[in-house]
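Accompanying notes for the structure given below.
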Amino acid sequence: MKHAWNAALVMGAVALTPFSVQSAEIGVKQAQLPDKLVVGHRGASALRPEHTLAAYEKAIEDGADVIEPDLVSTKDGVLVARHENEISGTTDVSSKPEFAYRKTTKTIDNVAITGWFTEDFTLAELKTLRAKERIPANRPANTAYDGLYEIPTLQEVIGLAQRKSKEKKRTIGLYAETKHPSYFQSIGLPMERRLVDTLHASGYHGKNAPVFIQSFEVANLKEIRQMTDLPIVQLLSAAGKPEDFRLAGDNRTYADIASASGLFEVATYAIGIGPEKNMVIPRDANNNLGTPTALVKNAHAAKLLVHPYTFRPENPFLPTNLRLGDPASPSQRGNLAAELETFLKTGIDGFFTDDPAIGRAALDAFPKKVEK
Ligand code: G3P
Ligand code: CA
C-alpha cells in the first residue's frame, strides 16, 4: 500500500511548532529506509539479552531495517540503552557487593520500585556490570549469554548501526526511545537535548534521516520537535494515559490520542504512531486475533505511519490458535509469521519484533502472498 505522504491534512491542526511550520512534508518517509520496516525490538531480544550490542548486531544480521534502543540516563549524564532505569532485571548488579548499598526504593511514574537505578551510577560504574536475560523462563537459551555483554551507550549503538550500514551496504536505522522522560527531567537529568545533540553530532539531520525518536509521553516529543525536524513517533498504550498528562492533571488518555481527531493533533509533531498491537487487531473472546480496528485507516488519514509493537515468537505472547507444540510451555515457539501476516494485511508500515529473522521472512513473503 503506497501513500501520498504530504502534509496537506496536517495544515489546520493545532499548535504548529517552528519546525512543523518549516517542514512542509511531515509524514514523509525516510529515503534511505524501505517503505515497510522490520524493527529489531531491543535488538534481536528473543535471541540475545536485550539492549546489548550483541542483540543489536544479531538483529542486523537477521535482516532488521532498524534497531531499537530504549534510553535512560547515567548519573553523569550519559544516555545508555536499557528498557528501564531499574537494572536488577537485566544486569548482574544485585550480585555486586560494592553496589549493595545503592539498593533503594523510588517512585517512578507513580509506581514504587525497589532496586538499583542507572541515575545512581556513573557510566564507568555501569560499565563494570554485565547484561543478563530478562525472561529466562521464555528464553532459556539466552542465559548462555548472561555475564558476557556490557550496557551500551547510545553513541556505541549509533556506531554499530553506522558501521554495519557500511559493511552491509544498506542503511540500518535507529529507533530511539526516551524512557521515563518526566522522571529524568524531575531529577535534573533531562534526556531530550542530549538525545537530539547526539543524533545531530552523529550525522542525523532532517526529516529524511534514518532515525525515529519515540516516547510514551507527549510533552517531551513536542519539546523535541522544537529542537529538530528529525522524525518523531508517538507511542500509544492500549490503556492508561501518558505520564506527563497525569502529572499535568490532563484528563486525556491514550484512547483519546488514538481517536481520529487525536491523531490529527499527533500529526502536528510526529510522523507516526507506535501502538500496542492489540490497538490494531484486538484479541477475541478466545484470545485469537479478532477484527481490525480503524486505527491504521485513521492514522493514514492523518498522514501518520503505523509501527505496532511487540511481535514475539514464544507461545505465551501469541494468539491461542497460533501456539504450537505444548501450549503451556513458556519457551515453546509458535507461528509468529502467521500473526505478522495478519497484521500486515491491515496496512501497517512496519512492526517491532523480538525476532527480526521471522519478521524479515514474513515481510518479504507478504507481497507475493497478496499478489496470488
Ligand atoms: O517502543 C516501542 C515498544 O518498544 C514499546 O514498548 O515497553 O518495549 O519499550 P517497550
Ligand atoms: Ca521501546
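The values are calculated or read from the model by the stated rules, or taken from the named source; none is laboratory data. From a predicted model like this one, the values you see are computed outputs, not experimental measurements. Note that we place each Cβ from the backbone using ideal geometry, even for glycine, and neighbour counts take in every protein chain shown. For the accessible areas, the whole protein counts, side chains as well, though only heavy atoms, and no ligand, DNA or RNA atoms are used. Shrake-Rupley method; radii C 1.70, N 1.55, O 1.52, S 1.80 Å.
Looking at the structure I just gave you, is Y175 in contact with an Asp or Glu (Cβ under 7 Å, 6 or more places away or on another chain) and within 15 Å of E86 (Cα to Cα)? It is false that Y175 is in contact with an Asp or Glu (Cβ under 7 Å, 6 or more places away or on another chain) and within 15 Å of E86 (Cα to Cα).
Any residue at all in the stretch 293-316 that is away from ligand 1 (no atom under 15 Å from the Cβ), touching a residue at least 40 places away in the same chain (Cβ under 8 Å), open to solvent by 50 Å² or more (accessible area, probe 1.4 Å) and not acidic (D, E)? Checked the stretch 293-316: at least one residue is away from ligand 1 (no atom under 15 Å from the Cβ), touching a residue at least 40 places away in the same chain (Cβ under 8 Å), open to solvent by 50 Å² or more (accessible area, probe 1.4 Å) and not acidic (D, E).
Scanning the stretch 114-158 for residues that are β-branched (V, I, T) and more than 21 Å from the chain's Cα centre (by Cα) yields T114, T122, T128, T143.
Any residue at all in the stretch 273-283 that is open to solvent by 40 Å² or more (accessible area, probe 1.4 Å), touching a residue at least 60 places away in the same chain (Cβ under 8 Å), closer than 29 Å to I108 by Cβ and acidic (D, E)? Outline the logic, then answer.
First, pick out the residues of the stretch 273-283 that are open to solvent by 40 Å² or more (accessible area, probe 1.4 Å): 276, 278, 282-283.
Keeping just the survivors that are touching a residue at least 60 places away in the same chain (Cβ under 8 Å) gives none.
No; the residues of the stretch 273-283 include none that is open to solvent by 40 Å² or more (accessible area, probe 1.4 Å), touching a residue at least 60 places away in the same chain (Cβ under 8 Å), closer than 29 Å to I108 by Cβ and acidic (D, E).
Evaluation of E341 against the conditions (1) at pLDDT below 95; (2) part of a helix (DSSP H, G or I) shows that the sole unmet condition is (1).
As a summary of the residue check, T353 satisfies the conditions (1) open to solvent by 30 Å² or more (accessible area, probe 1.4 Å); (2) touching a residue at least 40 places away in the same chain (Cβ under 8 Å); (3) among the polar types (S, T, N, Q) except for the one numbered (1).
Counting only residues that are open to solvent by 10 Å² or more (accessible area, probe 1.4 Å) and free of Cβ contacts under 8 Å to residues at least 40 places away in the same chain, the stretch 63-110 holds 16 of them. All conditions in (1) away from ligand 2 (no atom under 16 Å from the Cβ); (2) surrounded by fewer than 23 Cβ atoms within 10 Å (Cβ to Cβ) hold for A267, with the sole exception of (2). Residue under question is A255, and the condition is that it be more than 16 Å from ligand 2 (Cβ to nearest atom) and surrounded by 19 or more Cβ atoms within 10 Å (Cβ to Cβ); does it hold? No; evaluated as a whole, the condition is false for this residue.
Taking the stretch 115-134 as the range and being in contact (Cβ under 8 Å) with a residue 60 or more places away in the chain and assigned to a loop (DSSP other than H, G, I, E, B) as the test, the residues that pass are K132, E133, R134.
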